[in-house]
Amino acid sequence: MTATANPERPRLGVFKLTSCDGCQLTLLDCEDELLLLAATIDIVHFPEGVSPARSEGPFDLAIIEGSVSTAEQLQEVKQIRSQSRVLVTIGACATSGGIQALRNFVSGEEDGFDEFRKAVYARPEYVDSLATSTPVSQHVAVDFELRGCPIDKRQLLELITAYLRGRTPAIKNESVCFECKRRGTVCVVVTDNTPCLGPVTHAGCGAICPAFRRGCYGCFGPRESAATESLATQMKNIGRSEQEILRSFRLFTAASPEFEKESKRHE
């Protein structure tokens with residue numbers, strides 16, 4: 001796949017910070033739809049899918065995957081923001097720090113982060129990293145956040161289509177429970193006493209885990225006005241320990257303010 005510049009079409013840049021590339025692959029998985037998008041928008045920077053040559057901008061639309069985990073990335077997001085008319089972050093890493101943000105909970109402890117590095121890397125002295133993993137929005141203004149681990153293909157296409165048409169993306173602020181109802185999935189909390197973050201998690205995945213009789217893991221992050229304390233009380237009422245409740249809120253989106261606050265209540 002190659003990108004051909006056309007001055008009459010919007011310029012799109014897709015960037016990666018600290019992440020697994022899964023959300024960028026969601027864009028490539030659009031396949032036929034991606035060909036249609038390529039006819040209306042110029043993909044001028046996308047190392048995952050096009051030639052490695054980097055465009056210096058400007059960008060009409062910039063999409064960033066991944067958390068800010070190094071000093072170099074911190075400077076990069078500021079540069080991208082200065083060159084972009086619209087900036088969108090995609091995925092749990094970019095919107096809430098990702099699974100790697102678990103290190104944030106020990107960054108205040110003496111030598112806590114260094115202990116993590118020693119446990120993971122054979123030569124930790126060569127690893128240049130910040131003590132925390134943070135969302136892009138903590139450092140620069142973000143115009144829209146697309147949740148998920150990975151993001152949903154349909155929501156990504158809606159986001160880009162909305163941008164091209166100059167309207168707000170039609171992505172509802174509702175919980176995973178709504179998706180369970182729509183697909184006729186029996187509630188795992190009611191029937192099995194299975195811990196589930198569905199009531200406080202932003203919809204978008206199609207309620208995949210509950211459909212297979214497993215509780216939601218919260219990978220789309222908290223929905224607005226998430227009643228995390230009420231859910232934690234319900235989890236305690238079905239026999240979950242304080243440690244189990246803490247771990248439930250410290251997964252893919254542990255550093256999101258709502259989940260972080262709730263997990264700390266159970267330390």
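Of these, D21, D32, which one is within 19 Å of the chain's Cα centre (by Cα) and either of a type in the set (D, E) or modelled with pLDDT of 90 or more (or both)?
One residue alone meets the criteria, D21.
What do you reckon, is R85 touching an Asp or Glu at 6+ places or on another chain (Cβ under 9 Å) and in the same structural domain as A141 (by TED's automatic domain parsing)?
Criteria met by R85.
Go through the range 226-267 and give me each residue that's in contact with an Asp or Glu (Cβ under 9 Å, 6 or more places away or on another chain) and without any contact (Cβ under 8 Å) to a residue 12 or more places away in the chain.
Residue satisfying the conditions is K236 alone.
Looking only at the range 216-247, which residues are within 22 Å of C93 (Cβ to Cβ) and either over 17 Å from the mean Cα position of the chain (by Cα) or of a type in the set (A, V, I, L, M, F, W, C) (or both)?
Answer for the range 216-247, where residues must be within 22 Å of C93 (Cβ to Cβ) and either over 17 Å from the mean Cα position of the chain (by Cα) or of a type in the set (A, V, I, L, M, F, W, C) (or both): C216, C219, F220, A226, T228, L246, R247.
Residue by residue through the range 238-267, note down the ones that are small (G, A, S) and crowded, with 18+ Cβ neighbours inside 10 Å.
S248, A254, A255, S256, S263
Which of the residues that make up the range 215-228 are at negative phi and surrounded by 13 or more Cβ atoms within 10 Å (Cβ to Cβ)?
The answer is G215, C216, Y217, C219, F220, P222, R223, A226, A227, T228.
Of all residues in the range 57-89, how many are in a strand (DSSP E or B) and surrounded by fewer than 16 Cβ atoms within 10 Å (Cβ to Cβ)? Reasoning before the result, please.
Within the range 57-89, the subset in a strand (DSSP E or B) is 59-65, 67-68, 84-89.
From what's left, surrounded by fewer than 16 Cβ atoms within 10 Å (Cβ to Cβ): 85-86.
Adding up the residues that qualify gives 2.
Looking at A101, A92, A170, can you tell me which residue is at pLDDT below 95, within 21 Å of the chain's Cα centre (by Cα), of a type outside the set (D, E, K, R) and crowded, with 17+ Cβ neighbours inside 10 Å?
Exactly one residue qualifies, and that residue is A101.
More than 30 Å from L36 (Cα to Cα) and touching a Pro at 6+ places or on another chain (Cβ under 7 Å): which single residue out of V120, V189, V200, V127 fits that description?
Values: V120 fails: touching a Pro at 6+ places or on another chain (Cβ under 7 Å); V189 fails: touching a Pro at 6+ places or on another chain (Cβ under 7 Å); V127 fails: touching a Pro at 6+ places or on another chain (Cβ under 7 Å).
Only one candidate passes the filter, namely V200.
When residues of the range 128-151 are filtered for being in a loop (DSSP other than H, G, I, E, B), within 16 Å of S96 (Cβ to Cβ) and within 15 Å of the chain's Cα centre (by Cα), how many remain?
6
Out of S55, S51, S84, S107, report the one residue that is at pLDDT 95 or above and of a type in the set (S, T, N, Q).
S84
For E125, only one of the following conditions fails: (1) within 24 Å of A255 (Cα to Cα); (2) assigned to a helix (DSSP H, G or I); (3) of a type in the set (D, E, K, R). What is its number?
(1)
Suppose the filter is hydroxyl-bearing (S, T, Y) and assigned to a helix (DSSP H, G or I); does T40 pass it?
Answer is no for this residue.
The values are calculated or read from the model by the stated rules, or taken from the named source; none is laboratory data. Owing to the predicted nature of the structure, the values given are computational and were not obtained by experimental measurement. A quick note on method: Cβ atoms are made from the backbone with ideal geometry, for glycine too, and the neighbour counts reach across all protein chains shown.
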